[in-house]
1. Quick check on segment 418-431. Is at least one of its residues assigned to a loop (DSSP other than H, G, I, E, B), within 24 Å of Pro173 (Cβ to Cβ) and either in contact with a helix residue (DSSP H, G or I) (Cβ under 7 Å, 6 or more places away or on another chain) or polar (S, T, N, Q) (or both)?
2. I want to confirm something. Restricting to segment 87-105 and keeping residues that are in contact (Cβ under 8 Å) with a residue 24 or more places away in the chain and not in a helix (DSSP H, G or I), which single residue is farthest from the chain's Cα centre (by Cα)?
3. Go through segment 210-306 and tell me which strands (runs of 3 or more DSSP E), entirely inside it, have 3 or more residues that are in contact with a Ser or Thr (Cβ under 9 Å, 6 or more places away or on another chain).
4. If Val229 satisfies all but one of (1) more than 21 Å from the chain's Cα centre (by Cα); (2) at pLDDT 95 or above; (3) under 17 Å from Ser165 (Cα atoms); (4) not basic (Lys, Arg), what's the number of the condition it fails?
5. Could you go through segment 11-29 and let me know if any residue there is without any contact (Cβ under 8 Å) to a residue 60 or more places away in the chain, assigned to a helix (DSSP H, G or I) and crowded, with 17+ Cβ neighbours inside 10 Å.
6. Look through Gly239, Gly159, Gly189 and report the one residue that is modelled with pLDDT under 95 and within 21 Å of Ala406 (Cα to Cα).
7. Based on this model, can you work out whether Gly393 counts as crowded, with 16+ Cβ neighbours inside 10 Å, at pLDDT below 95 and either assigned to a loop (DSSP other than H, G, I, E, B) or under 41 Å from the mean Cα position of the chain (by Cα) (or both)?
8. Of all residues in segment 131-157, count the ones that are in contact with a Gly (Cβ under 6 Å, 6 or more places away or on another chain), part of a strand (DSSP E or B) and not hydroxyl-bearing (Ser, Thr, Tyr).
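The values are calculated or read from the model by the stated rules, or taken from the named source; none is laboratory data. From a predicted model like this one, the values you see are computed outputs, not experimental measurements. Reconstructed Cβ throughout: ideal geometry from the backbone, glycine too, with neighbour counts over all protein chains shown.
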Amino acid sequence: MSSVLPMVRAGTAAARKALARLDGRLAAMERLDSAAYRARVKQLFGKVLAPEAVVARILSDVRTDGDAALKYYAKRIDGVALTPKLLKVSAAERRSGYRRTPAKLRKALELAARRIAEYQRRLMPKDLAPQASAGGPRGVTAGLMWSALRRVGVYVPGGTAAYPSSVLMNVIPAQEAGVREIAVCTPCGPQGALSDGVLCACEMLGVEEIYRLGGAQAIGALAFGTPSVPRVEKIVGPGNLFVMLAKRAVFGHVDIDMLAGPSEVLVLAEGAARPRADWIAADLLAQAEHDPLASCVLATDSMRVALAVQSELSKQLATLPRREIARLALRDWGLAVVAKDLNGAIETANALAPEHLELFVRNAKQVAPKLTTAGAIFLTPYATEALGDYVAGPSHTLPTGGTARAFSGVSVYTFLRRTSLIGADAAGLGALSGAIEALADAEGLEAHRRAVAVRRGGKSR
């Protein structure tokens, strides 16, 4: 039987090499160098550029030329004659998209929206009222105040598929946090057509600002602003390699949620739990069909499970509509790691820090606390990753490429600022003045020392 999914034994040189390659997936994607890519980039820029250089060029043009650059790249990349009237979606278009959306899909979006809003509402933090610490002094207080960002940009992927769920998963947390202005950017077809589902989701949530913009040029417009697209304070949402690189490049001009690039899943399967190979294969393919750059990993302590999953992948792949995309993802970024025991499989999961981590184990309560780097953990075999993609409640916008080691998924926290609140009276400042002045002296900051001394009636040196 030919292996659809490359397979290695944990602890071997082959396993270390394969895991290192997956761990470096983000860097490898940045070196994209296919014949089709080279030809396309040369057609656009007159020479071959690495993806990061392509993004830098587009962002520079958008920052310098504004709407003219948006129009140029829309024509050259997307084949769209982007007029000022076409750039921003009208209210009539939003309403028409809503009406054209099948009732079954509208109801599903409404159900998902309610569940997402209810979950995000439960997360909202409360202000921490200023009070003295337990160790005193009584006259000095400290607290915390939360406030929402004013204006954010949401990128909704398009291209090979439309994702109305991404509208819900990014807009609703922002709304629940209290963001007043939300601008959505999403790619359109050659004639300017947009997904009815995406328009329906926007209309349902009351999003009035939608732009026909995709790729790095959309990120540049949101980050720098143009005459037609006011700049935002933060950009959120998943995208392809170029969107991800653009978000990384504009960080500092604006804030970003994370590096949410091509999707990934790791299934942790314990042989003693007798996991269903057909379920595991279906879940691996659910990620593989997204993108040829999607990562699909099986970590198990059972060769029997690994071989059964291989067989199921072959069968299911044959009837999958997007089978060529899925086949490439499994071949290039898929892996089955067979460990000696469950702890070895857990080590593999923690090393890769996957976006999605599914558990097919006997005791999830014991295993889950050992998994410290995943974007989202799916605790039971019935909790398929597709549940999280659509209706579970938490946002499906999650860190990828190993960045789950440090980043978290989108939530209301993504759209909130924390502001410290500090107060003092004369006695409180007096009690701490000696320490303040000693620290100021040590750092050579005389004005800091004087700022305390003058309040205590002291003199400058």
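1. No.
2. So the first thing to find is which residues in segment 87-105 are in contact (Cβ under 8 Å) with a residue 24 or more places away in the chain, and the list is 87-89, 91, 93-98, 100-101, 105.
Subset that is not in a helix (DSSP H, G or I): 88-89, 101.
On the way: Lys88: 25, Val89: 25, Thr101: 27 Å.
By that ranking, first place goes to Thr101.
3. On the way: elements: 234-236, 264-269, 295-300.
Answer list for segment 210-306: 264-269, 295-300.
4. So Val229 meets the others, but not (3).
5. To start, the set of residues in segment 11-29 that are without any contact (Cβ under 8 Å) to a residue 60 or more places away in the chain comprises 12-14, 16-17, 20-21, 24, 27-28.
Filter once more, so that each one left must be assigned to a helix (DSSP H, G or I): 13-14, 16-17, 20-21, 27-28.
Adding the requirement that they be crowded, with 17+ Cβ neighbours inside 10 Å leaves none.
Looking for residues that are without any contact (Cβ under 8 Å) to a residue 60 or more places away in the chain, assigned to a helix (DSSP H, G or I) and crowded, with 17+ Cβ neighbours inside 10 Å, one finds none in segment 11-29, hence no.
6. Values: Gly159 fails: within 21 Å of Ala406 (Cα to Cα); Gly189 fails: within 21 Å of Ala406 (Cα to Cα).
Being modelled with pLDDT under 95 and within 21 Å of Ala406 (Cα to Cα) holds for just one of Gly239, Gly159, Gly189, which is Gly239.
7. On the way: crowded, with 16+ Cβ neighbours inside 10 Å: yes; at pLDDT below 95: no; either assigned to a loop (DSSP other than H, G, I, E, B) or under 41 Å from the mean Cα position of the chain (by Cα) (or both): yes.
When the stated conditions are applied, Gly393 does not pass them.
8. The number of residues fulfilling the criteria is 3.
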